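A quick write-up on the structure given underneath.
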Amino acid sequence: MRLWEQHCCLPLVQDAVIADVARYPLGSYVSVNVGFSPHSKDVATSLAQDFRRKALADGRFVMVDENPDDSLITLAFDLEDSGPLEGDLDNVRYFHDLGVRSMLPSYNWANAAGCGCLDAEDTGLTAYGKDLVAEMNRVGMLVDGSHCSIRTGLDLASTTARPMIYSHSNFAALWAHPRNITDEQARECARTGGVVGINGVGIFLGANGPEEGRRRVEAMADHIEYGVELLGIEHVGIGSDYSFDHEDFNAELAAHPEAFSEDYTRWGQLQWVPPEDTATLPSVLRGRGFDEPSIAAVYGGNFRRVSGATSE
Ligand SMILES: [Zn+2]
C-alpha cells in the first residue's frame, strides 16, 4: 500500500536536509513546498533546484518528471501562494518544468489572485485568479484551495475544468478554525472530482498537546471518517503538512505573529503528526472497519487519480 503525501514542509533554506524526507516509506509519493507568499521567483527556483540536486544525489528519490520507480520515493514540489509567479502566467509552465505539480493561489491573506482564510473581507477569486486557474488546467498543475478564503475556494471549484484539491485541510464541522474548510467547500471540491487531504497539524485537529501524539493520529482518522461520510471514499486523501523543522516554523511564528493570527499563535508550540505516525494510518483505519480498497484509496489512490487527471 503506497502513501501519497500531498503536502509537507522542508525548511525553505538552502541547507535543508532532503534526506529527512526518506522518513516516509519507500514507494511513497511526497510533495514538499518550495515557496510561499514572501518568496520571489528566483528564491523558489533556487530552492527547487537545490532540493532536486540533493534528492538525486541521495539515491532514494526519483523526481516526479522522471521515469517512475516504485521502490523509491517520488518527490514533487508545490507552491503555497501564487506570489512566486510574480504576476506572469507563463511562470505556471516554468514552475511545472521545475517539478511543481500543485499550487494554492492565496496563502492566508488576499493577493492578486484571491482572498486568504484569515481575511476579514472575502471577495473571492479575482479575474487574474480565474486566468491563473485556466493556465494551471492547461499546463497540468493541480488547483489547490488550502489556505484560501471560503469564497475563493468555492470560486476555484466553479472555475476549474479539472479536479481541484484541498491539499491539507481539515473539516471545520469537527474543529472550528479558519484554516479548516466548510462542508460546502468540501462538497464543491468533490463535485469537480477532487480530493481533500487531511492534515496532521495539532491546532487544526484540536489535539495540540506535546504528549498527544497518538491522539493526533486518531484525530486524523476522525477527519478521514467524517470526509468519507460526507463526500464518499473517492474524495479523501492525506496531506499531513508535517514540518521537518518544527523549531524553524515555531520561531517564524514567534518572530512574525502578525503574518498569521491569534488562531495560530495562542496554542503554544505547534505539533505535527510525523511521517512514522502517518504510516500507521492504514492500521488505524483497519481498526475502524475500513476495507483494504478503501484504505488504499485514502492512503494514496485518490490523489494518484486526480494527479493523472491533470496531466496533459
Ligand atoms: Zn500550509
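The values are calculated or read from the model by the stated rules, or taken from the named source; none is laboratory data. All figures in this text were calculated on a predicted structure; none of them were measured in a lab. Don't worry about glycine lacking a Cβ; one is built from the backbone with ideal geometry, like all the others, and counts go over all protein chains shown. Note: areas computed on protein heavy atoms with side chains; ligands, DNA, RNA excluded. Shrake-Rupley method; radii C 1.70, N 1.55, O 1.52, S 1.80 Å.
Assess whether ILE224 counts as being touching a helix residue (DSSP H, G or I) at 6+ places or on another chain (Cβ under 7 Å) and under 15 Å from GLY206 (Cα atoms). So ILE224 fits the description; yes. Here ARG187 does not fit the description of being basic (Lys, Arg), open to solvent by less than 50 Å² (accessible area, probe 1.4 Å) and away from the ligand (no atom under 16 Å from the Cβ).
Taking (1) of a type in the set (Val, Ile, Thr); (2) within 19 Å of the chain's Cα centre (by Cα); (3) open to solvent by 30 Å² or more (accessible area, probe 1.4 Å) in turn, THR265 satisfies each apart from (2). If the condition is being surrounded by fewer than 21 Cβ atoms within 10 Å (Cβ to Cβ) and in contact (Cβ under 8 Å) with a residue 12 or more places away in the chain, then segment 294-309 contributes SER294, ALA296, GLY301, ARG304, ARG305, ALA309. Scanning segment 271-287 for residues that are more than 20 Å from SER31 (Cβ to Cβ) and surrounded by 13 or more Cβ atoms within 10 Å (Cβ to Cβ) yields GLN271, THR280, VAL284, LEU285, ARG286. Of the residues making up segment 252-278, those that are among the charged types (D, E, K, R) and closer than 19 Å to LEU10 by Cα are GLU252, GLU276, ASP277.
Residues to consider are HIS168, HIS177; find the one that is of a type outside the set (Gly, Ala, Ser) and surrounded by 23 or more Cβ atoms within 10 Å (Cβ to Cβ).
HIS168
Would you mind stating whether LEU174 is more than 16 Å from the ligand (Cβ to nearest atom), at pLDDT 95 or above and within 13 Å of MET220 (Cβ to Cβ)? Judged against the criteria, LEU174 is a match.
Considering LEU98, LEU85, LEU132, the condition of being farther than 24 Å from ASN170 by Cα, at pLDDT 95 or above and open to solvent by 10 Å² or more (accessible area, probe 1.4 Å) is satisfied by LEU98 alone. Close Cβ contacts (under 9 Å, 6 or more residues apart or on different chains) running from residues in segment 241-263 that are more than 13 Å from the ligand (Cβ to nearest atom) to residues that are among the β-branched types (Val, Ile, Thr) and assigned to a helix (DSSP H, G or I) comprise PHE244/VAL21; ALA254/THR265; PRO257/THR265; ASP263/ILE203.
In segment 115-123, the count of residues that are buried (at least 16 other Cβ atoms within 10 Å of the Cβ) and either assigned to a helix (DSSP H, G or I) or in contact (Cβ under 8 Å) with a residue 40 or more places away in the chain (or both) is one or more. Entry remark, segment 60-74: residues being in contact with a Ser or Thr (Cβ under 8 Å, 6 or more places away or on another chain) and open to solvent by less than 60 Å² (accessible area, probe 1.4 Å) number 6 in total. Kindly provide the set of residues from segment 21-46 that are more than 16 Å from the ligand (Cβ to nearest atom), open to solvent by 10 Å² or more (accessible area, probe 1.4 Å) and out of contact with any helix residue (DSSP H, G or I) (no Cβ under 6 Å at 6 or more places or on another chain), ordered by number. Of everything in segment 21-46, those that are more than 16 Å from the ligand (Cβ to nearest atom), open to solvent by 10 Å² or more (accessible area, probe 1.4 Å) and out of contact with any helix residue (DSSP H, G or I) (no Cβ under 6 Å at 6 or more places or on another chain) turn out to be ALA22, PRO25, LEU26, TYR29, SER40, ASP42, VAL43, THR45, SER46. Listed by first and then second residue, the pairs with beta-carbon distance under 6 Å, at least 6 apart or on different chains, first residue in segment 79-105 and over 12 Å from ASN33 (Cα atoms), second of a type in the set (Ser, Thr, Tyr) and surrounded by 22 or more Cβ atoms within 10 Å (Cβ to Cβ), are PRO105/SER82.
Condition check: open to solvent by 50 Å² or more (accessible area, probe 1.4 Å) and either under 16 Å from the mean Cα position of the chain (by Cα) or more than 30 Å from ALA110 (Cα to Cα) (or both). Does VAL17 satisfy that? So VAL17 fits the description; yes.
If you take the residues in segment 138-164 that are touching a helix residue (DSSP H, G or I) at 6+ places or on another chain (Cβ under 6 Å), open to solvent by less than 50 Å² (accessible area, probe 1.4 Å) and of a type in the set (A, V, I, L, M, F, W, C), which one is farthest from the ligand (Cβ to nearest atom)? Only one residue fits best here, namely VAL139. No other residue among GLY35, GLY87, GLY27 is part of a loop (DSSP other than H, G, I, E, B) and either within 28 Å of SER283 (Cβ to Cβ) or among the β-branched types (Val, Ile, Thr) (or both) apart from GLY27.
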